[in-house]
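Worksheet: one structure, shown below.
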Amino acid sequence: TILCVSLLSVGVFAQAETRAGTFLLQMGGDGISFTSQSVSSMDGIGNADFDDLYDKYNTSSFGINAMAGYFVADGLVLGLALSSKSTTTSIEYAVGGSDPDDVVTTALTIAPTFRYYIGESGMWSQISYGFGSSGTDSGQQGYEPTKISVLAFGAGYAISLNDYISLNPSLGYALTTSTTEDAGVSGVGNIDDLVVKTGGLVFAFSLNAHLGR
């Protein structure tokens, strides 16, 4: 009973610091991630088995999703968000011939961010504009990276676990523009940039550290 009451009381009596001069560190639900996968079987390659064609078919990825900010005034955060992900695919053939170079796909965006906490309610709203690039390098030839820009709006709620840590569910909307130079065709048949615009809802959880003065 005492434990249950204590857990229910955390959000009521503890309030993470949002005063001017406080530093804010945020890690998303996939703040630092690493995955490694090996293909063990593959259908649709005729009568051959996977082991007849490949000695190795591995994919690994490493990602960072974080933000650092500073309360320039009570409740107002000026921050910088970083999102980075790198995926490497390695293939070794069982049959003769040279193995292909590793294929590395990378994406990096940096986003200046403004966040405002509404009094001591725990509610906050946020706007950010990110820019960066993504691309794939097979080692055999260079590539023109795809330029990325992201305009995002969001709102969330800081569930204070204690004076320094808060759990933040949030809901937002992101508009993303990806531009690849000379990868498209104009209406008259000339080579042109390929521009793709997307938009969608973003639901996330993040863990925030509020470091007081």
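The values are calculated or read from the model by the stated rules, or taken from the named source; none is laboratory data. It should be emphasised that the depicted structure is a prediction, and the values quoted were computed from it without experimental measurement. When we count neighbours, we look across all protein chains shown, and the Cβ atoms used for this are built from the backbone with ideal geometry, even at glycine. When the accessible area is computed, the model is the full protein with side chains, heavy atoms only, and any ligands, DNA or RNA have been set aside. Shrake-Rupley method; radii C 1.70, N 1.55, O 1.52, S 1.80 Å.
Run down the lysines and flag those whose C-alpha is under 18 Å from the C-alpha of residue 147, throwing out any fewer than 8 positions away in its chain.
Answer for residue 147, where 18 Å is the Cα cut-off: 85, 197, listed by chain and number.
Which one, 41, 178, 149, has the greatest fluctuation when you compute a Gaussian network model over the chain with C-alpha springs under 10 angstrom?
41
Work out the charge dipole of the chain with +1 on the Cβ of Lys and Arg and -1 on the Cβ of Asp and Glu about the Cα centre, then indicate which of 77, 189, 174 is farthest towards its positive end.
Looking along the dipole axis, the top candidate is 77.
To the nearest 10 degrees, how steeply does helix 2-13 sit against the main Cα axis of the chain, on a 0 to 90 scale?
80 degrees
Sort 85, 197 by heavy-atom solvent-accessible area, probe 1.4 angstrom, most to least. The partial results should precede the final answer.
Values: 85 110, 197 155 Å².
Sorted descending by solvent-accessible area, the residues read 197, 85.
Among all the aspartates and glutamates, which ones have a C-alpha under 17 Å from residue 56's C-alpha, if same-chain residues fewer than 8 places away are not counted?
By straight Cα distance, residue 56 reaches 43, 92, 99, 101, 102.
What size of dipole, in debye to the nearest 20, comes out for the chain about its Cα centre when the only charges are +1 on Lys and Arg C-beta atoms and -1 on Asp and Glu C-beta atoms? Let's see the in-between values first.
Working: 7 positive and 20 negative charges, 271 e Å.
In debye, rounded to 20, the chain gives about 1300.
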